[in-house]
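As structure tokens, the structure follows; a few thoughts come after it.
The values are calculated or read from the model by the stated rules, or taken from the named source; none is laboratory data. These numbers were taken from a predicted model, which means no experiment stands behind them. Cβ: placed from backbone, ideal geometry, glycine included. Neighbour counts: every protein chain shown. What goes into the accessible areas is simple: the full protein's heavy atoms, side chains included, and nothing from ligands, DNA or RNA. Shrake-Rupley method; radii C 1.70, N 1.55, O 1.52, S 1.80 Å.
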Amino acid sequence: MAASRDIDLATWSRAGQFNLFKTYDRPHFATTARVDVTALMTKAKPQGVSPYRAFLHAIGAGIHAVPALKMRFAGDRVMEYEAISLSATVPRPGDTFGYCYIPWFDDWARFDESCKAIIEETAKGSDLGANTGERLDLAYLSCLPWLDFTALDNALPGPDDCIPRFSWGKLVQGADHRWSAAVAVQVHHALVDGLQVGQFFDAAQIRLDRFADLA
């Protein structure tokens, strides 16, 4: 598990929101917005870049650009982790899947190499590999390549689950010849507000646009 630091609730600017939303039965909220993937599809993909792994990296960059998305709580203790690993769903033959755990590297080449190996190993396995609560230094990621969805909600085990969920849909080309995809972000309101969700989308878009530099 990654190193973390405790947040001092006595001085934390969001302590009021934390104490309020932590009492809610349904404290999570989900936001879906579109991101531009033109650079990824027209520049990077022809160079051999995997759009799937590139999306994982862009989401990881967005998470690590926003401190609130690296925060987790256990009871009244709030921690901010130095790094968040990405737990993604990996399809297996038939209609099953497994969970993999990808360490975060800001460097694309290093991340891509590690990510590819972990995904390939998970695809060959049979164990579901689900996190049963032993780790909080995670974000959950999934792809729905069959749908260009307009909204998405996730199954949640309970109101104290504070691990954020990130999902993206089918990559589609519009009439203007630009490519885009829907991205859904589901977070716990005790830790994250709309402002931080917006910051995530800004940072993820910047990383997606950088794939133009690979051409």
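Side notes on the structure shown:
- Pick from the stretch 31-47, criterion over 23 Å from the mean Cα position of the chain (by Cα) and either surrounded by fewer than 16 Cβ atoms within 10 Å (Cβ to Cβ) or among the small types (Gly, Ala, Ser) (or both), ranking: nearest to Glu113 (Cα to Cα): Gln47
- Total residues in the stretch 1-18 satisfying the condition of being outside any strand (DSSP E or B), within 24 Å of Leu138 (Cβ to Cβ), among the small types (Gly, Ala, Ser) and open to solvent by 50 Å² or more (accessible area, probe 1.4 Å): the figure is 1.
- One residue stands out among those in the stretch 19-30 that are surrounded by 17 or more Cβ atoms within 10 Å (Cβ to Cβ) and within 21 Å of the chain's Cα centre (by Cα): the one that is farthest from Leu138 (Cα to Cα), which is Pro27.
- Put simply, of Arg165, Arg178 the only residue that is of a type in the set (D, E, K, R) and touching a Ser or Thr at 6+ places or on another chain (Cβ under 7 Å) is Arg178.
- When Val78, Val35, Val66 are checked against the criterion of being in contact with a Lys or Arg (Cβ under 8 Å, 6 or more places away or on another chain) and under 21 Å from Gly194 (Cα atoms), a single residue qualifies: Val78.
- Matching residues in the stretch 156-181 - criterion: being of a type outside the set (Asp, Glu) and over 18 Å from Lys45 (Cα atoms): Leu156, Pro157, Gly158, Pro159, Cys162, Ile163, Pro164, Arg165, Phe166, Ser167, Ala175
- Any pair with Cβ under 8 angstrom, 6 or more apart, that starts in the stretch 140-154 at a residue that is within 17 Å of Leu86 (Cβ to Cβ) and without any contact (Cβ under 8 Å) to a residue 60 or more places away in the chain and ends at one that is open to solvent by less than 40 Å² (accessible area, probe 1.4 Å) and β-branched (Val, Ile, Thr): Tyr140/Ile163; Ser142/Thr89
- Of all the criteria given as (1) over 23 Å from Phe73 (Cα atoms); (2) under 19 Å from the mean Cα position of the chain (by Cα), the one not satisfied by Ala123 is (2).
- Test: residue in the stretch 64-79 that is among the aromatic types (Phe, Trp, Tyr) and surrounded by 15 or more Cβ atoms within 10 Å (Cβ to Cβ): yes
Table: residues versus (1) among the polar types (S, T, N, Q); (2) in contact with a strand residue (DSSP E or B) (Cβ under 8 Å, 6 or more places away or on another chain).
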{"residue": "Ser13", "(1), (2)": "yes, no"}
{"residue": "Phe18", "(1), (2)": "no, yes"}
{"residue": "Phe21", "(1), (2)": "no, yes"}
{"residue": "Arg26", "(1), (2)": "no, no"}
{"residue": "Ala33", "(1), (2)": "no, yes"}
{"residue": "Thr42", "(1), (2)": "yes, yes"}
{"residue": "Gly48", "(1), (2)": "no, no"}
{"residue": "Val66", "(1), (2)": "no, no"}
{"residue": "Met71", "(1), (2)": "no, yes"}
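- The numbered conditions (1) open to solvent by 40 Å² or more (accessible area, probe 1.4 Å); (2) touching an Asp or Glu at 6+ places or on another chain (Cβ under 7 Å) are all true for Thr96 except (2).
- Residue in the stretch 102-114 that is surrounded by 15 or more Cβ atoms within 10 Å (Cβ to Cβ) and acidic (Asp, Glu) present: yes
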